[in-house]
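What follows is a single structure, written as structure tokens, with notes after it.
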Amino acid sequence: MTRTYHTLLLFVLAILSVADANDWPQWRGPYFNGSTDEKNLPSDWSQTENIAWSVDLPGSSAATPIIQADRIFLSGVDSEEEVLLAMCFERMSGKLLWKHDIAQGTSHDKRSTFAASSPLTDGKIVVFFYANGDLVCFDSDGDRRWARNLHKDYGPFAFQWTFASSPTLFNGKLYVQILQRDVPVRGRGLSGQKNESYLLALNPNTGETLWRVIRPSQARRESREAYSTPIPFTLNGKQQLLIAGGDALTGHDLETGKELWRWGTWNPRRITHWRLVPSPVTGEDIILACAPKTDPIYAIRPNGTGILDDSAIAWTSLEERKVTSDVPTPAYYDGDFFVLSDLRKHLARVEPRTGKVKWGIETPGRAKYEASPLAADGKIYIINHDGEAAVIHAENGKILNVIPMDSTSGGEVVRASIVAAQGQLFIRTTRKLYCVGK
């Protein structure tokens, strides 16, 4: 058995220990890269045809559905009552199994809600995280296991808009990142002292802090803020956690949080308004870091410890300017990256080691695609603000179908990613949850 194969086997086994590969246990799925091994997924449906069921939701949220066996877990809001919700539905029927009110108050700006972070599960527990700082754990039957509030523990989050990083569960630890401004903004954050960006590890069964490490940054003002999610990665047989934001990409020890290496920056001029949204994604020992706005993607191959110079850059998309992403996190599937650009209205299939674009297409419709792509069953699934779901052939980029799933109104838009589990698709629009397929 080769070292590479052995490392891959250990990583896959670690992932499968979290939940079955047919599930969608956390934000970017069973492999942390927006892909799944699901087969025979639908490519043709409507709001009424090829729909197993649909349920009405009391408010809009960007949190994706999380699926484990016969259960669907969903973060959300009740817009009329202005309450944050934790919900569980039966996968086969859409029946509401349990619902908990978490806290009063759902937003502090018109662009998002406090329920934008996706929950996660290992099949025994489910953890919900909200921008008001509430971190709450239930068992699969809806009984509360523990709860804590990170605002109360470490200070209110200093973000210009609404915090939306999702937690990560890996190798028996719950990881949360808070990459924020060092000074208050719009009255948010600690006053009279520095707001520290940090990476936090907790015992998922008790909520107890295992360690908390400060993550320094040379970024300025809004560029310190990140909405990305920690992503596990194996390099030279060593498992670690990737963090993107604050003008840098870093790798951290899973047991201690110690920073192992750092590369940066995509922002040498220290532009002050470059908050970071996309999470890292990995494939073929390459890590993609998406610079904000319409700047390039950087493919990083960590080549040492400590501060890495630009010899760690395998390639950039500087000459392929449409290969960029301001909000969606790319997917890795079938040996390639799939990069969705919300601002350039473009989807591309990109070779990991070289950056070669195998195909690129203009995304259909007029609205922005901010939800991250799903890659499965030889297809790429994306959905835009207007709720138009597009199905694209992964091999050649042919658009197979465009399906209207919502009639957005009142300023609400669709931001939740389409996910696949147990042979079905799950689509969250502004006020509905659909189960597509048999």
A chain fully extended from residue 191 to residue 49 at 0.36 nm per residue, minus the present Cα-Cα distance, gains in nm 45.7 nm
³J(HN,Hα) across segment 388-393 via Karplus (A = 6.51, B = -1.76, C = 1.60, θ = phi - 60°), whole Hz, x for Gly/Pro? 8, 8, 10, 10, 10, 5
Please list, in chain and number order, the residues 5+ apart from residue 322 or on another chain whose amide H is under 5 Å from its amide H, with Hs placed from the backbone. none
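Can you give the charge dipole size of the chain about its Cα centre, rounded to the nearest 20 debye, using +1 on the beta carbon of Lys and Arg and -1 on the beta carbon of Asp and Glu?
It works out to roughly 1020 debye.
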Honestly the chain on the Cα gyration tensor test (a ≥ b ≥ c root eigenvalues; a/c under 1.5 rounded, otherwise a/b vs b/c for prolate or oblate) is just rounded
Once R0 is set to 60 Å, what does the formula 1/(1 + (r/R0)^6) return for the Cβ-Cβ distance between residue 407 and residue 356, expressed as a FRET efficiency to the nearest 0.05? 0.90
Here segment 55-62 yields Karplus 3J(HN,Hα) values (6.51, -1.76, 1.60; θ = phi - 60°; whole Hz; Gly and Pro given as x) of 10, 7, 10, x, x, 9, 7, 8
Report the gain in length on full extension from residue 153 to residue 81: 0.36 nm times residue separation, minus Cα-Cα distance, nm rounded to one decimal. 23.2 nm
Fully extended contour minus Cα-Cα distance, from residue 400 to residue 141, at 0.36 nm per residue: 89.3 nm
Kindly provide the helix-only [θ] at 222 nm of the chain, computed as the sum of -39,500 (n - 2.57) over DSSP H runs of four or more divided by all residues, to the nearest 500 deg cm²/dmol? -1500 deg cm²/dmol
Within segment 236-317: Cβ-based charge dipole about Cα centre, in debye rounded to nearest 20 (Lys, Arg +1; Asp, Glu -1): 280
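Determine the alpha carbon to alpha carbon distance for each of 124/238; 99/368; 39/368; 99/432; 99/173; 39/95 and list only those over 20 Å.
Distance filter (> 20 Å) returns 124/238; 99/368; 39/368; 99/173; 39/95.
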Hey, quick one: spin label on residue 111, modelled 7 Å out along Cα-Cβ, who in segment 326-347 has an amide N within reach, i.e. under 19 Å? 326-330, 341-345
Everything considered on the Cα gyration tensor (a ≥ b ≥ c; rounded for a/c under 1.5, else prolate if a/b is larger than b/c, else oblate), segment 301-401 must be described as prolate
Check the straight Cα-Cα distances from residue 379 and name the aspartates and glutamates below 15 Å, setting aside those fewer than 8 residues away within the same chain. 37, 38, 44, 334, 336, 395
Report the trypsin sites (Lys or Arg not before Pro) located in segment 155-198 that are in a DSSP loop and have at most 15 other Cβ atoms inside 10 Å of their Cβ, or state none. 186, 194
Loop sites in segment 183-248: GluC sites (Glu not before Pro), DSSP, at most 12 other Cβ within 10 Å: 208
I need the calculated FRET efficiency for the pair residue 234 and residue 310, taking r as the beta carbon distance and R₀ as 30 Å, to the nearest 0.05. 0.80
Karplus ³J(HN,Hα) for segment 379-386 (6.51 cos²θ - 1.76 cosθ + 1.60, θ = phi - 60°; Hz, whole; x = Gly/Pro) runs 9, 10, 10, 9, 9, 9, 4, 7
Among all the aspartates and glutamates, which ones have a C-alpha under 16 Å from residue 345's C-alpha, if same-chain residues fewer than 8 places away are not counted? 295, 320, 326, 362, 370, 386, 388
For residue 171, project a label point 7 Å along Cα to C-beta. Then give me every residue of segment 204-247 with its amide nitrogen under 13 Å of that point. 231-242
By the gyration tensor of its Cα atoms, with a ≥ b ≥ c the square roots of the eigenvalues, what is the shape of segment 128-245: rounded for a/c under 1.5, prolate for a/b over b/c, or oblate? oblate
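Coordinate-derived values only; no laboratory data. It should be emphasised that the depicted structure is a prediction, and the values quoted were computed from it without experimental measurement. Reconstructed Cβ throughout: ideal geometry from the backbone, glycine too, with neighbour counts over all protein chains shown.
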